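Rule-based calculations on the coordinates, nothing more; no lab input. Nothing here was measured: the structure is a model prediction, and the numbers come from that model. No Cβ is skipped: glycine too gets one built from the backbone with ideal geometry, and neighbour counts run over all protein chains shown.
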Amino acid sequence: MTKEERFVVNPLQAFLLDPRRSGAAWGIKHRPKHGTSATGWDLQAERKNRVLLIEAKYITGPFAAALAGLVTAPLMHRQEKMRSCKSKSWCAVVAWGIGWGRQRGSTRKYKMAGIYQIMLDVLARNLEFWKCYSRVLKVKYIFFVDQGRVAKIRFDRVITLAQRYAPVSGLSLSEKRYRAEKLLAFLVFK
């Protein structure tokens, strides 16, 4: 089992299956048997007239490389696991799952502020592109996973936070991280 499966996909699956935590009862339609050789989506969940295609990334090193993988995931022509021959259903939406390399009992510095800061920096550079990206490719949610707990935020909401974050050019890295963490402080991990 890869770290991505253990620290991101498994907590996301538990979150989606529990209607008290996720707000709705999702059923897991597909999950790759072998995480290292899988070519499809990392997790596919369904409920009535909703299909959630999740691309998960476990961050241990540079976040920019993982973000590139998340951004290009909806552009790939991946087959959705369904009965018909179509590649994607009309009700499918894409979600990003992001977990980071801090395990229980670890003394390493908490990385959430760094991840938030890099993500908001990238989004704030071209807000019109990200609005179009979200609308055309149907990217609806971002799931942040920390020690088995999951926080969900709509992608549109992150873009509006990036608009508020945009005027921070000229600040030091620690000030940018503090501001990014302050903007996303409302996230509740369940």
Query raised in the report: Which residues' amide hydrogens lie under 5 Å from the amide hydrogen of residue 150, considering only partners 5 or more residues apart or on another chain, with H built in the peptide plane?
Result: 190
Report task. Calculate one ³J(HN,Hα) per residue across the range 173-189 by plugging θ = phi - 60° into the Karplus curve 6.51 cos²θ - 1.76 cosθ + 1.60, and present them in order as whole Hz with x for glycine and proline. Result -> 4, 5, 5, 4, 5, 5, 5, 5, 5, 5, 5, 9, 5, 6, 4, 10, 8
Report summary line: Here the range 17-28 yields Karplus 3J(HN,Hα) values (6.51, -1.76, 1.60; θ = phi - 60°; whole Hz; Gly and Pro given as x) of 6, 9, x, 6, 7, 8, x, 7, 8, 9, x, 7
Query raised in the report: Among 4-12, 178-186, what's the highest-first ranking by average C-beta atoms within 10 angstrom per residue?
Result: 4-12, 178-186
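Please work out the FRET efficiency for the pair residue 49 and residue 153, using the Cβ-Cβ distance as r and a Förster radius of 22 Å; give the result to the nearest 0.05.
0.50
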Requested in this report: Set the Förster radius R0 to 30 Å, insert the Cβ-Cβ distance between residue 90 and residue 160 as r into 1/(1 + (r/R0)^6), and round the FRET efficiency to 0.05.
Outcome: 0.65
Report summary line: If amide H atoms are modeled at 1.01 Å from N in the peptide plane, then the residues at a separation of 5 or more from residue 43, or on another chain, having amide H under 5 Å from its own are 54
